1. Those residues that are over 20 Å from residue 64 (Cβ atoms) and not hydroxyl-bearing (Ser, Thr, Tyr), I need them from region 28-50; list them, please.
2. Here are the criteria: (1) at pLDDT 95 or above; (2) exposed (fewer than 10 other Cβ atoms within 10 Å of the Cβ); (3) among the hydroxyl-bearing types (Ser, Thr, Tyr). Tell me which single one residue 71 does not satisfy.
3. Residues of region 17-54 being basic (Lys, Arg) and surrounded by 14 or more Cβ atoms within 10 Å (Cβ to Cβ), which ones?
4. Considering every residue within region 17-30, establish whether at least one is in a loop (DSSP other than H, G, I, E, B) and at pLDDT below 90.
Amino acid sequence: MDLTIEIPFCLNFNNLDRETQEKLMQLSKQEVERKFGEDLIAYAAENSLDFDALLEEEAIKNLYNYKFKFTI
């Protein structure tokens, strides 16, 4: 499954600071929670896992599915 996100700001090599990385992570968490939240909650409950930790892991994986366009 391809997950795509519309990034509301421009990324460039000068704009990969901590704030931008945190913003991307927040967007990824929101997307994962919106699409898979109920399944993740059920999985976390069934396996006695911390939902927030699971959400963060899935958000990191989700970031690898983003398609970035770099203009040099």
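The values are calculated or read from the model by the stated rules, or taken from the named source; none is laboratory data. Source: prediction; values computed, not measured. Ideal geometry is used to build each Cβ from the backbone, glycine not excepted, and the neighbour counts take in all protein chains shown.
1. 38, 41, 42, 44, 45, 46, 47, 49, 50
2. Every listed condition holds for residue 71 apart from (1).
3. Passing the criteria: 23, 29, 35.
4. At the first step, the residues of region 17-30 found to be in a loop (DSSP other than H, G, I, E, B) are 17.
Within this subset, residues satisfying the condition of being at pLDDT below 90 are 17.
Yes: one or more hits.
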